[in-house]
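To start, the structure itself, in structure tokens.
The values are calculated or read from the model by the stated rules, or taken from the named source; none is laboratory data. Bear in mind the structure is a predicted one, so any value in this text is a computation, not a measurement. Virtual Cβ from ideal backbone geometry, glycine too; neighbours counted across all protein chains shown.
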Amino acid sequence: MRPGPGEVLHFSEDPGITRFRPQVVAVRSTPLATPYVWAVDSDRAPDYWFPRQCPRAMAWVGPQTSEQDRLRLIGPGESRVHAIEYGWLEAMRTVELYAYRLPSETFTPYDAAVVSTAPEVLPLGPPERVPDLFTLHAEAGIQLRVLPNLHAFWSAVTTSTLEFSAIRLRNAQPSVLSQKFVP
């Protein structure tokens, strides 16, 4: 589930959106002054193959990634890993997630997303039901890990040479300070 040429995607659990209007949201808990319509390009679409509130930690090989970090945190022959907590397995199995295809011409890059300040953005068609999230990950070659707690993995990733991103970590189980990630 990725956008085609000239498209970006907006993922939602709401199949009834007919138009997107800019909204003020918080990024990293800081409210932005400018209202935006948010979407993602093909590279970042997999970051949203999850229930909206599901905390996830993601890491992938980048140009500066050492082979040691790749092997230690992702594994041999792999290039990307997404991690969730056990408590989110049922939601991953049962969520009804939809992808809206939006025209890309009014969108510009903003951090890992793309944003538009157009007064409204109309979808290119009806929303598409996103297929099984586990299958999407497998078909994209993205390793999906299920952990009791994300914080130790996240700490290991953020102190490595991997590239990384996290979404909704505030919804993760509390950190256990004595926990250490052991691959």
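Please go through the range 136-159 and pick out each residue that is of a type in the set (D, E, K, R) and within 14 Å of Cys54 (Cβ to Cβ).
Across the range 136-159, the qualifying residue is only Arg145.
For the subset of the range 158-168 comprising residues that are farther than 19 Å from Tyr86 by Cα and of a type in the set (A, V, I, L, M, F, W, C), which member is nearest to the chain's Cα centre (by Cα)?
Out of the qualifying residues, it is Phe164.
Between Pro76, Pro148, which is surrounded by fewer than 17 Cβ atoms within 10 Å (Cβ to Cβ) and touching a Phe, Trp or Tyr at 6+ places or on another chain (Cβ under 8 Å)?
Only one candidate qualifies: Pro148.
Going by the structure shown, is Val37 assigned to a strand (DSSP E or B), farther than 21 Å from Leu169 by Cβ and modelled with pLDDT under 95?
In short, yes.
Within the range 40-79, track down each residue that is basic (Lys, Arg) and closer than 14 Å to Val157 by Cβ.
Arg56, Arg70, Arg72
Inspect the range 128-137 for any residue being surrounded by 13 or more Cβ atoms within 10 Å (Cβ to Cβ), out of contact with any Asp or Glu (no Cβ under 6 Å at 6 or more places or on another chain), under 23 Å from Arg21 (Cβ atoms) and at pLDDT 95 or above and give the result as yes or no.
Looking through the range 128-137, at least one residue is surrounded by 13 or more Cβ atoms within 10 Å (Cβ to Cβ), out of contact with any Asp or Glu (no Cβ under 6 Å at 6 or more places or on another chain), under 23 Å from Arg21 (Cβ atoms) and at pLDDT 95 or above.
Could you please tell me which pairs satisfy a Cβ distance under 7 Å, a separation of 6+ or placement on different chains, a first residue in the range 139-150 that is under 18 Å from Arg70 (Cα atoms) and in contact (Cβ under 8 Å) with a residue 60 or more places away in the chain, and a second residue that is of a type in the set (D, E, K, R) and assigned to a loop (DSSP other than H, G, I, E, B)?
Partner pairs satisfying both residue conditions: Gln143/Glu78.
Check Val81, Val61 and return the single one that is crowded, with 20+ Cβ neighbours inside 10 Å and either within 18 Å of the chain's Cα centre (by Cα) or aromatic (Phe, Trp, Tyr) (or both).
Among Val81, Val61, only Val81 is crowded, with 20+ Cβ neighbours inside 10 Å and either within 18 Å of the chain's Cα centre (by Cα) or aromatic (Phe, Trp, Tyr) (or both).
State all residues of the range 54-74 that are of a type outside the set (Asp, Glu) and over 19 Å from His151 (Cα atoms); if no residue qualifies, say none.
Val61, Gly62, Pro63, Gln64, Thr65, Ser66, Gln68, Leu71
Of all residues in the range 41-51, how many are assigned to a loop (DSSP other than H, G, I, E, B) and out of contact with any Lys or Arg (no Cβ under 8 Å at 6 or more places or on another chain)?
5
Hey, among Val114, Val121, Val130, Val81, which residue is in contact with a strand residue (DSSP E or B) (Cβ under 7 Å, 6 or more places away or on another chain) and more than 26 Å from Ala172 (Cα to Cα)?
One residue alone meets the criteria, Val121.
When you check Tyr100 against the structure, is it farther than 26 Å from Trp154 by Cα and at pLDDT 95 or above, yes or no?
yes
All but one of (1) among the aliphatic types (A, V, I, L, M); (2) within 30 Å of Leu122 (Cβ to Cβ); (3) out of contact with any strand residue (DSSP E or B) (no Cβ under 9 Å at 6 or more places or on another chain) hold for Val24; state the number of the condition that does not hold.
Just one mismatch for Val24, condition (3).
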